[in-house]
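Below is one structure; the comments refer to it alone.
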Amino acid sequence: MADDHRRYAQPKLLAPMIEILSASKTYPNGTHALQPVDLKIQEGEFVTLLGPSGCGKSTLLKMIAGLLPATDGRILLWSKPVEAIESTGHRMSFVFQEATLMPWSRVAGNVRLPLELQGVDSSDADQRVNDSLALVGLSKFHDAYPRELSGGMQMRVSIARGLVTNPTLILMDEPFGALDEITRNKLDQDLLELWQQKKLTVIFVTHSIYEAVYLSTRVVVMAARPGRVIEEVPIDEPFPRGPEFRVSTQFAGYAKHLQESLLRASNANELAEGAL
Amino acid sequence: MKAQRIVLPVVVAIVLIGLWHGLVKAFEIPVYLVPSPGKVLETLIKDWSLLGGSLYNTLKITFFAFFCAVVLGVAIAFLFVQSKFIEAAFFPYAVLLQVTPIVAIAPLIIIWVKNPTASLVICATLVALFPIISNTTLGLRSVNPGLQQLFKMNRATRWQTLTRLRIPSALPYFFGGLRISSGLALIGAVVAEFVAGTGGTGVGLAYQILQSGYQLNIPRMFAALLLITLAGVLLFALMVALSKWALSWHESELSNDH
Ligand SMILES: Nc1ncnc2c1ncn2[C@@H]1O[C@H](COP(=O)(O)OP(=O)(O)OP(=O)(O)O)[C@@H](O)[C@H]1O
Ligand SMILES: [Mg+2]
């Protein structure tokens, strides 16, 4: 009945939008942050990178964003390297773990920043800022300063800033990690609605198994020391997913599976370390 | 809360002045050791033509020096953040400037620079310079790494990053530097005049203090001292008001109002 919402169910019609081809990362100080990763992401997917601290989630995300060069391997977005993303007619934006707003600028000014940097003309920018703030429900706070907002509201501003350029791809690095569970659940819900409404592709980083199951069409499970991908788990449940999904047996089943996958990886690490 | 910040220091001042007056009267301390507050005020009014002119001269040196320190300090800070190489090469000399007592180099500067006003301004500038350099450099470097990445992802130019990110990020540090530096400029102006002695035509407050010392005119000495202190406090208050106005968005400024 909800099959038409399961956009991930027909990915073969679309070319893979993100191709990560044996990309690995060693930091200049010698830290092997990431063993070669192979991952393909289709347009319209909501992929979550799940794993313990230090497994290289942020590293992978920053490599996709072009903020960090891969030591080895390649990353293609719409079949082009990230520097050439403009030539594909697509846009990407990045939402950080903290709201990272400019404290000297009002809410509207913060949301407007990407447009100004890209030289969008002023009246067009005004309209888009208003639209974007309306999407996250913060129209009333147009002229507020970031410090006058709660943590959750600041995060919404950050998301509005991510949406204002009309991106097709959004990368989010633990965007709700610093928020309380109630606010986080609410923002998860809102994010899913935006994802559906704007036909976005999202790559989302989280520590939380429950957040991963709730949001994703697919969960990429990662392990630490060395950072690597250990499993890809499709979450084969229809959208829209309401709060009742969180307490369903299917939900519990996926959570159990991910939990065990993560545990197995960390136990294997302990065994390996014990053997040394 | 706000009233307390004004009322409390005023109460303390009244108590201290009262105590000063009381002690001077009670122990009959002669006026050539410690004059009473009333006597100091009386001298201040009586000698105003002399002291007012000197205050003007000292303030003139102070403002010139402060202005030079700000312009130079900001320019040097910008140079420093352009390249680690330049900073590594020259920062130790900025520190050298800071740790060398001005009294020790002032005689040299006074010999080298013929114009007495200019030599005083140079001395005071040297004293006031370092906080501006170090604070502004720190500020220009203290950019939130997330915002920096955001600018990078949106293909911001170097100029955009400078004007829209680095400079606004540096402002709170810069104003912190201003507060320290304004006081130092005054100290520098006074100390340099002590060393320069009776060189110039337009004498400042330091000269008045020296002269009053020779003539044992202690009330006038106190009056001059009072003027220096008042000038310092006023300068500081001016800087606080300025940074409050400029940084109305900044939390450390705002928290004072709550
Ligand atoms: N700039 C850097 N230089 C050197 N090593 C780094 C750097 N950034 C991260 N690392 C190392 O790379 C590894 C992976 O880091 P990364 O930040 O990608 O992990 P993460 O999965 O995002 O962790 P968390 O969940 O705590 O954010 C860690 O061991 C970390 O110490
Ligand atoms: Mg991380």
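The values are calculated or read from the model by the stated rules, or taken from the named source; none is laboratory data. In this text, all values refer to a predicted model and were calculated from it rather than measured experimentally. Backbone-built Cβ (ideal geometry, glycine too); neighbour counts: all protein chains shown. Side chains included, ligands, DNA and RNA excluded: accessible areas come from the protein's heavy atoms. Shrake-Rupley method; radii C 1.70, N 1.55, O 1.52, S 1.80 Å.
A few points about this structure:
- For the range B:2-73, the list of chymotrypsin sites (Phe, Trp or Tyr not before Pro) that fall in a loop by DSSP and count at most 15 other C-beta atoms within 10 angstrom reads B:F27, B:Y32.
- Per residue solvent-accessible surface (Å²) - chain A, probe of 1.4 Å: 45 Å²
- For the range A:18-259, relative contact order (Cα pairs under 8 Å, six or more residues apart, normalised by length) works out to 27 percent.
- Förster radius 41 Å - calculated FRET efficiency between B:L234 and B:Q98, Cβ distance, rounded to 0.05: 0.95
- Summary of the geometry: the range B:169-246 and the range A:213-266, compared by the centres of their Cα atoms, lie 68 Å apart.
- Accessible surface computed residue by residue for chain B, with neighbouring protein chains in place and a 1.4 Å probe, gives 55 Å² per residue.
- Computing Rg and the Kirkwood Rh from the Cα coordinates of the range B:36-257 gives a ratio, Rg/Rh, of 1.07.
- Carbon + sulfur, % of accessible area of the protein assembly as shown - ligands and nucleic acids excluded, 1.4 Å: 64 percent
- Bridge orientation summary for chain A: considering DSSP beta bridges with both residues in this region, about 55 percent are antiparallel.
- Total accessible surface hidden between B and A, rounded to 100 Å², 1.4 Å probe: 2000 Å²
- The protein assembly as shown: equivalent-ellipsoid semi-axes (sqrt of 5 x gyration tensor eigenvalues, Cα, Å): 64, 26, 22
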